[in-house]
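**Student:** There's a structure below that I have some questions on.
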Amino acid sequence: MAAVEPLTAWELEQLRCILERERDELVQYLEGLAQDSGPVILDQQLQGRLSRMDAMQQQAMSEAGERQARLHIVKIKRALLAIDQDEYGYCSDCDGDIGYGRLTARPEATLCVQCARKIEKS
């Protein structure tokens, strides 16, 4: 297994830009959800039973998407803070460097590939 190189200043700046862009996109997504969300009308005179069930399912899916987006924003904020504190790019399990390739794919990652695989197998 080849050793992973520490991140360069250029790589850190690229990853910061990726994280900030993802954060901004998620914030816009949440703003859009807030504008589109509203209570499900349960008046049987206005819509049939299947339409109401479909509306309730859509609402549940929107709520799940919102929770997931909020959690992702928290992870992104932690990663940005770690960059500011020169603690970014280190595995929280083995303290080794997390490769630039992995961080490009998942910039909020806190585990190196090897540790992530170990956790997935258990």
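**Student:** Any residue in region 62-88 that's more than 18 Å from Glu25 (Cβ to Cβ): show its pairings with residues that are among the hydrophobic types (A, V, I, L, M, F, W, C) and exposed (fewer than 12 other Cβ atoms within 10 Å of the Cβ) at Cβ separation under 9 Å, as long as the two are six or more apart or on different chains.
**Tutor:** Short answer, once both residue conditions are applied: Glu87/Leu81; Tyr88/Leu81.
**Student:** For Ala64, are the conditions met, namely being modelled with pLDDT of 85 or more, within 23 Å of Cys17 (Cα to Cα) and aliphatic (A, V, I, L, M)?
**Tutor:** Here the answer is no, as Ala64 does not meet what is asked.
**Student:** Moving to a separate point now. Mind checking which pairs have a first residue in region 15-27 that is more than 14 Å from Glu66 (Cα to Cα) and a second that is not hydrophobic (A, V, I, L, M, F, W, C) and not in a helix (DSSP H, G or I), Cβ under 6 Å, 6 or more apart or different chains?
**Tutor:** Pairs found: Leu15/Pro107; Ile18/Pro107; Leu19/Pro107.
**Student:** For region 79-122, how many residues meet the condition of being part of a helix (DSSP H, G or I), surrounded by 14 or more Cβ atoms within 10 Å (Cβ to Cβ) and within 17 Å of the chain's Cα centre (by Cα)?
**Tutor:** Looking only at that region, the number is 7.
The values are calculated or read from the model by the stated rules, or taken from the named source; none is laboratory data. Nothing here was measured: the structure is a model prediction, and the numbers come from that model. In this analysis, Cβ positions are derived from the backbone assuming ideal geometry, glycine residues included, and neighbour counts consider all displayed protein chains.
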